[in-house]
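Only one structure is covered here, and it is reproduced in the block below.
The values are calculated or read from the model by the stated rules, or taken from the named source; none is laboratory data. This one's a predicted model, so the numbers in the text were calculated from it and none came from an experiment. Neighbour counts are summed over all protein chains in view; Cβ atoms, including those assigned to glycine, are modelled from backbone coordinates with ideal geometry.
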Amino acid sequence: MASFSPTVRHRRLLQELRQLRTAAGLKQEEVADHLNWSTSRMTKVEGGTLRISVNDVRAMLQLYGLREGAGYEALVQLAKQAKERGWWHAYSDVIPQWFQVYVGLEAEASSLRNYEPELVHGLFQTEDYARAIYRAARVTDAPDEIERHVSLRMARQDVITRSEHPMNFWAIVNEAALRRRVGGTRVMKEQLQRLADISVQPNVTIQVLPYAIGAHAAMLGSFAILSFSEGASEVAYLEYVTGSLYLEKAEEIRAYTLAYDHLRASALDPRDSIDMITKLAKEDL
């Protein structure tokens, strides 16, 4: 599965357009007036909640003083790529738009740092574990919808197992997630073994945050930090039942990076973490 993500292309395009507008000394209101847009539409475009056409991008580039040439054509090409559909669009019948955005970011992230307090991260889940999670959390979904969710989750795992440019994934998991018997004894043992097996991959690091550590830097819940290799800004991601938050401001990224650094320092080192996971897999759960 290709790592190409129109979601990341779109965010990069918006970043470039904002920088060009600022360099040209133009305010959003002035650009909106020139393009016969409302100020509200301009705000939504730069905020990423409203897509724009390639012709709109051309008009903006001309307004910002970028003439035709290599830089101009590169941004036009970026705009064209941003209009394409990602592989996950095939699952749009079961995943909301806010989560499609995350899957798009995840598909092209060069690295992911994540903390999970309650469950094993989706990129590590076995089918049976994922199925048990969805059956418990999505009580109104029909069985075929549950299977579509599981299929999407398995497809997403390509980002860490693909042969070319796999994502570097540093995962910190709370001990509670390892001891919570999701799906029964067999399912949980298989899930723990899956964690132990995948930890040998050079692009995967797993740490366990033990009960004994007491209070820690992520007491308020799970979060992820995604980084990209092609100039796109880092994103901190927080998820709740009906939506998600995408944080990109420098001070927000610093705060979550600091929290993650504290978690890494508090957690067991990777070798001791895998020893603990392997031991739990052999115990009577």
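Here is how the numbers come out for the structure above:
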read-out	value
In the range 266-285, the residues that are hydrophobic (A, V, I, L, M, F, W, C) and under 23 Å from the mean Cα position of the chain (by Cα)	ALA267
Complete set of residues in the range 235-260 that are in contact (Cβ under 8 Å) with a residue 24 or more places away in the chain and charged (D, E, K, R)	GLU239
Some residue of the range 192-204 being crowded, with 18+ Cβ neighbours inside 10 Å and either under 22 Å from ASP261 (Cβ atoms) or of a type in the set (Ser, Thr, Tyr) (or both)	yes
Selected residue [closer than 23 Å to ALA107 by Cα and surrounded by fewer than 20 Cβ atoms within 10 Å (Cβ to Cβ)] from SER266, SER233	SER233
Among the candidates LEU20, LEU13, residue that is under 22 Å from GLU234 (Cα atoms), crowded, with 19+ Cβ neighbours inside 10 Å and not assigned by TED's automatic domain parsing to the domain that holds ALA224	LEU13
Test result for GLU127, at pLDDT 95 or above, out of contact with any His (no Cβ under 8 Å at 6 or more places or on another chain), acidic (Asp, Glu) and over 18 Å from ALA232 (Cβ atoms)	yes
